Structures are given as C-alpha cells and as structure tokens.
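**Q** First the structure, then my questions, so here it is.
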Amino acid sequence: MNWDDESAPETDGPYAAGDRLVGSLADGEDQAVEAALRPKDLDEFVGQERVREQLDLVLRAARQRGATADHVLLSGAPGLGKTTLSMIIAAEMGAPIRITSGPAIQHAGDLAAILSSLTEGEVLFLDEIHRMSRPAEEMLYMAMEDFRVDVIVGKGPGATAIPLELPPFTLVGATTRAGLLPPPLRDRFGFTGHMEFYAPAELQRVIHRSARLLDVEIEGEGAAEIAGRSRGTPRIANRLLRRVRDYAQVKADGVVTREIAAQALNVYEVDGRGLDRLDRAVLTALLGLFGGGPVGLSTLAVAVGEERETVEEVAEPFLVREGLLARTPRGRVATPAAWAHLGMVPPQQAAGGPGQQGLFGG
Ligand SMILES: Nc1ncnc2c1ncn2[C@@H]1O[C@H](COP(=O)(O)OP(=O)(O)OP(=O)(O)O)[C@@H](O)[C@H]1O
C-alpha cells in the first residue's frame with residue numbers, strides 16, 4: 001500500500017490536489033492551531049490502545065529504574081499523532097524534546113552537531129527518519145547503541161576519527177512506512193509502535209475534545225458526521241471541524257448539528273465517506289467512461305485531466321484503502337462498493353447493457 005502522501009506532487013490540474021481539505025499533511029493553518037490541540041499526556045491521547053498500553057509500560061519501567069527510555073520507532077500515515085506521541089513521551093519522562101527531520105539532516109556533520117548538544121535523558125524526535133542521508137544513518141547506528149559518535153576530522157589519508165561520548169538520550173523515529181528502514185536501523189529501536197487509522201468513534205472523541213478547546217458547541221451527531229468524513233485521521237478531523245465551525249457561525253447560530261456539519265462539508269465538496277472532488281472524479285471516470293475498468297493508470301489520468309502521479313499518489317491510496325478501487329496487473333478496477341457509492345449500476349446489471357451505466361449516475 002502506498003500511503004506516503006509526502007511524495008505526492010503539487011499539481012496544476014483542475015482538482016488542486018496540492019491544497020486539499022482532506023490532505024493528510026499539515027498546512028500552514030494546521031501548524032498554527034495544532035500545538036493548541038495536542039493532547040499533553042497518554043491519558044488524553046485518544047485511541048491507539050495497543051501502542052498506548054505498550055508505551056505506557058516502557059515509560060513506567062524506565063521511570064522506575066531511573067533510566068532513559070529505550071529508543072522508540074513510530075510508523076503510520078501522516079496526521080495520526082506521531083509528533084504528538086513523541087511530545088507525550090518527553091512529557092511523561094519529564095525530559096526536554098528536540099524536533100528535527102530526516103530531510104533536514106543531509107550530512108553526518110548535521111547529525112553530529114545535534115547529537116553532541118543533547119542533554120542527558122533528552123528526547124530527539126526524528127520525523128521522516130527514512131529520508132535521512134546514508135552517512136548520517138550510519139552515524140546514528142553507533143549513537144543509538146553506544147551513545148558515541150566518531151567525528152571525522154580532515155580529508156583523505158590524513159583524516160582521523162575523534163570519538164565523542166554522548167549522554168544517554170531517547171530517539172523517537174517516525175516514518176510513514178517501517179518497511180523502508182534498513183534492518184540495522186530498525187533493530188536498534190527497543191520499541192516499535194504501529195499507528196492505525198482511527199475508528200469513527202475514536203475520531204468523534206478527538207472532535208469533541210478539539211471542539212471544547214476551540215470553544216465550539218457541537219452535538220454528538222454533528223461530531224459523528226465530521227468523523228465519518230475524516231478518513232480515519234485526527235489531523236483531517238480537526239481541519240474539517242474548523243471549516244464546519246466557520247459555516248455554523250456564518251450560516252446558523254454557531255451550534256454544530258448533523259445537518260450543519262453535512263451542509264458545510266458538502267459546500268467544501270467532502271462527501272459522506274470523505275472523498276473529495278479529485279477522488280470522485282477518478283471514480284466517476286473509471287465507472288462512467290471505462291465501465292469500471294480495467295483501465296491503465298495513464299488513460300485514467302488523462303480522462304480526469306490530472307498528472308499520472310497525482311492520480312496514483314494523491315487519490316488512489318485512499319480509494320484502495322476504502323475498498324473502492326483495486327490496482328490489478330491489467331489496470332485499475334472499480335469494486336462493487338464504488339458503483340454503490342456513486343449510485344451507479346455496473347454494465348452487466350444495467351437494463352440497457354454496456355454503456356448505459358452513466359445514465360444512472362449520481
Ligand atoms: N490520538 C489523538 N488524540 C487527539 N488528537 C490527536 C491524536 N492524534 C493526533 N491528534 C491531533 O492531530 C494533529 C496531527 O497530529 P500529529 O502532528 O501528531 O501527527 P503526525 O503523525 O506527527 O503527522 P506527520 O507525520 O504529518 O508529522 C494534532 O493537532 C493532534 O492534536
């Protein structure tokens with residue numbers, strides 16, 4: 001499965017895929033409000049029961065021993081709470097946290113500078129750890145295992161390695177796919193937590209909590225409506241809540257009911273299942289023009305007027321996860337659920353035979 005939205009290209013196509021309301025990467029507005037919405041401890045952190053319980057044990061045991069916690073690897077799609085969890089780890093250990101990311105560490109020297117300035121017990125959060133450069137990665141192996149790095153001074157035959165002792169620290173690595181990490185790096189983490197997409201009931205709890213913090217009055221059914229359209233992702237749930245809040249304030253009395261939430265998100269073209277305009281365009285083309293497939297990716301992309309990569313990396317991962325589209329060796333194929341979702345009838349079932357299905361389009 002490809003859920004690495006980070007590699008998704010910006011697009012000039014008709015569906016503004018680089019700037020979507022249901023995109024899972026943080027945009028500028030998200031960054032401004034996310035700090036205020038982050039749960040501060042494990043009890044406040046909604047869902048992810050298994051990871052939470054296991055992590056709680058790891059941290060409690062380290063605290064009891066008066067030791068620094070083991071290195072932690074968190075894997076999962078963007079917006080599921082990896083950064084939040086890393087901050088909680090630091091808070092639970094009463095330790096400061098330093099935040100950086102793989103792409104920011106291009107040279108081993110960049111990493112050496114960060115590592116050598118850590119204090120004892122500090123948490124180093126390394127987002128997108130799979131995108132670190134190779135030499136930095138190799139330096140990290142030794143730092144994680146022996147709390148030591150060799151700093152190379154000079155070049156060529158005269159170069160010397162100066163060993164540098166580091167204070168014990170906890171590395172929290174985050175990656176969209178743990179499978180992308182080289183085994184030697186993966187093996188050096190004492191604990192690996194895999195973050196799952198959230199169930200609707202969990203997202204409802206996230207939404208109620210955020211509504212409280214943002215001072216928004218929301219009914220249970222209003223939260224359920226937003227949760228159903230949030231693609232299993234707290235970041236998207238919080239973003240949709242903010243748009244619904246605007247709508248409720250301007251068009252009604254500020255209270256988020258089911259009706260208001262549905263009306264607001266219909267205005268923003270996020271449908272009942274969380275599909276946006278681009279997702280629906282891909283499905284509509286697949287069903288209406290190609291009878292549900294199989295059809296090649298390039299043909300499908302031309303049909304919706306988008307780049308091939310945009311369809312493959314921006315729209316398809318969610319459609320596949322929702323069981324609406326399948327990638328097969330012969331091309332893209334719509335599932336029965338796709339026909340049902342768009343209210344269309346597959347060719348073999350349509351009274352008029354192949355080619356008539358578009359007439360039933362919703
Ligand atoms: N379990 C949760 N309970 C409540 N809120 C959550 C939870 N997980 C995430 N959030 C909220 O979702 C937003 C995004 O979370 P966060 O930044 O931790 O995601 P991430 O996985 O680190 O994303 P990225 O990989 O893009 O950095 C934050 O505002 C956070 O408050």
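**Q** For the stretch 277-360, what does the convex hull of the Cα positions come to per residue, in cubic angstrom?
**A** In the stretch 277-360, the Cα convex hull volume per residue is 83 Å³.
**Q** Please list the non-local residues whose amide H lies under 5 Å from the amide H of Asp127, H modeled 1.01 Å from N, same-chain partners needing a gap of 5 or more.
**A** Thr100, Ser101, Gly102, Ala174
**Q** To the nearest 10 degrees, how steep is helix 277-288 against the longest Cα principal axis of the chain, on a 0 to 90 scale?
**A** 50
**Q** What net charge is computed for the residues neighbouring Ala334, neighbours being all others with C-beta under 14 Å from the C-beta of Ala334, Lys and Arg scored +1, Asp and Glu -1?
**A** Computed value for this residue: +1.
**Q** What three numbers, in Å, describe the spread of the alpha carbons of the chain along their principal axes, ordered from the longest?
**A** Computed over the chain, the largest-to-smallest principal extents equal 78, 52, 32 Å.
**Q** Kindly give the semi-axes, whole Å and largest first, of the ellipsoid equivalent to the stretch 48-194, taking each as the square root of 5 times a Cα gyration tensor eigenvalue.
**A** Here the semi-axes work out to 26, 18, 12 Å.
**Q** Within 10 Å of each residue's Cβ, count the other Cβ atoms and sort Asp215, Asp146 from fewest upward.
**A** Asp215, Asp146
**Q** Measuring from label point to label point, each 7 Å out along Cα→Cβ, what is the Arg63 to Asp43 span in nm?
**A** It is 1.1 nm.
**Q** Quick check on the exposure proxy: order Ile88, Ile207, Ile162 from fewest to most C-beta atoms within 10 angstrom.
**A** Ile162, Ile88, Ile207
**Q** Let me ask something additional. I'd like the Karplus ³J(HN,Hα) series for the stretch 233-238: coefficients 6.51, -1.76, 1.60, θ = phi - 60°, whole numbers in Hz, and an x wherever there's a Gly or Pro.
**A** Those phi angles translate into 10, x, 4, 5, 4, 5 Hz.
**Q** Between the helical axis of 82-92 and the dominant principal axis of the chain, each derived from Cα atoms, what acute angle in degrees is found, rounded to the nearest 10?
**A** 40
**Q** Please rank His130, His194, fewest neighbouring Cβ atoms within 10 Å first, as an exposure proxy.
**A** By the 10 Å Cβ count, ascending, the order reads His194, His130.
**Q** What residues qualify as long-range amide H neighbours of Thr335, i.e. H under 5 Å apart, gap of 5 or more or another chain, H built at 1.01 Å from N?
**A** Residues meeting the criterion, in which the H sits 1.01 Å from N, are Leu325, Ala326.
Only the coordinates and a few stated rules stand behind these numbers; no lab work does. A quick note: this is a predicted structure, and the numbers were derived from the prediction, not measured. FYI the Cβ positions are ideal-geometry reconstructions off the backbone, even for glycines, and counts take in every protein chain you see.
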